[in-house]
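Here's the structure we're looking at; comments come further down.
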Amino acid sequence: MSEALPSGQSAPTVLRIVLGKRLKELRESRGISLEEAAKALSVSHLTIRRIENAQVSLKIPYVRELLRHYQVSDEETRDFTDMAEQANEPGWWHNYKTALPDWFRAYVSLETAAEVIRVYEPHYMTGLLQTRDYARAVIRAGFPYESEDALEHRVDLRLRRQALLARPQAPTLWVVLEEAALRREVGGPAVMRAQIARLMEAAEDPRITLRILPLAAGAHSGTSGHLTYFRFREPELQDIVYTEVGLTSAVYLDQRPDVVAHLEAYTRVSRLAAELLPDTRDYLDRLRKEFNR
């Protein structure tokens, strides 16, 4: 397995990742080694590697000097440095840094930039489709000793993430929910009715595909746990899979064998859900009535 992205406090924006890869492609296309590029900046080759891997911010003087060394035109250099300045700007989630664990910051950046998002969720409603009351109840369960202000800050972050679904170029969202996630009562019957109504609304959106995997499915290829698969418009950025490791860490995978294995597992689970429960809306309508007590 491979960790595709740094997951600490310097989690990069997707644009910074893209520009780092472009710098690497330019260097390699010119036949310039890491050591030669480092000499042009009077730094170590590790610094060049960190720039290319988006592990550090893009210092504009460094970027200009590298582009000059790579014999890039003045016009292309201006365009590149303009993008580098944008890449160094903090993402919208910077205002929520106290509510974001270090290992999840890269996730929010990827989610914001993705063209396609595929989610398999075995335990709860996926965060992008949660109502405020449901989100509050889930987060309270995970942080039982959090102050009310801190709790609301976390809830606000989760709801703020959902804004990407209303954008003109909203990502295509595929969600497979385990039936257990729908039957686990969170926040009480009224909260569950509202949450299921939200899912029914989402199921009408042509950009969202929602499938329910019934308990009758038994053992299947998704039982290893939650996963999110990201695909991007930028050709420099390969598909990435996010999986959680326990309560306090995550892994971001970008090596093709890892990504393909997870995508194939997701596809099998999605097809199984469609076969066993083809009418998602009818199921949700029946389930909502079960919470009318």
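The values are calculated or read from the model by the stated rules, or taken from the named source; none is laboratory data. Just so it is clear, the model here is predicted, and its values are computed rather than measured. Neighbour counts run over all protein chains shown; Cβ positions are idealised from the backbone, glycine included. Please note that ligands, DNA and RNA were not included when accessible areas were found on the heavy atoms of the full protein model with its side chains. Shrake-Rupley method; radii C 1.70, N 1.55, O 1.52, S 1.80 Å.
Residues that are closer than 16 Å to ARG268 by Cα and in a helix (DSSP H, G or I): does segment 207-216 have at least one? Scanning segment 207-216, I find at least one residue that is closer than 16 Å to ARG268 by Cα and in a helix (DSSP H, G or I), so the answer is yes. Scanning segment 119-139 for residues that are open to solvent by 50 Å² or more (accessible area, probe 1.4 Å) and either modelled with pLDDT under 95 or among the hydroxyl-bearing types (Ser, Thr, Tyr) (or both) yields HIS123, TYR124.
Results for (1) in contact (Cβ under 8 Å) with a residue 12 or more places away in the chain; (2) outside any helix (DSSP H, G or I); (3) not small (Gly, Ala, Ser), shown as yes or no for each residue.
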residue: ARG118; (1), (2), (3): yes, yes, yes
residue: HIS123; (1), (2), (3): yes, yes, yes
residue: LEU128; (1), (2), (3): yes, no, yes
residue: ALA135; (1), (2), (3): yes, no, no
residue: VAL138; (1), (2), (3): yes, no, yes
residue: PRO144; (1), (2), (3): no, yes, yes
residue: HIS153; (1), (2), (3): yes, no, yes
residue: ARG158; (1), (2), (3): yes, no, yes
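Of all the listed residues (ALA217, ALA180, ALA274, ALA250), the sole one being free of Cβ contacts under 8 Å to residues at least 60 places away in the same chain and either within 18 Å of VAL138 (Cβ to Cβ) or in contact with a Lys or Arg (Cβ under 8 Å, 6 or more places away or on another chain) (or both) is ALA180. Criterion applied to THR248, THR209, THR243 was being open to solvent by 10 Å² or more (accessible area, probe 1.4 Å), touching a helix residue (DSSP H, G or I) at 6+ places or on another chain (Cβ under 9 Å) and at pLDDT 95 or above, and the one residue passing it is THR209. For segment 40-56, a residue qualifies if it is part of a loop (DSSP other than H, G, I, E, B), of a type outside the set (Val, Ile, Thr) and open to solvent by less than 60 Å² (accessible area, probe 1.4 Å), and the qualifying residues are SER44, ALA54. Residues that are modelled with pLDDT of 85 or more, open to solvent by 30 Å² or more (accessible area, probe 1.4 Å) and not hydroxyl-bearing (Ser, Thr, Tyr) within segment 105-118 comprise GLU115, ARG118, listed in sequence order.
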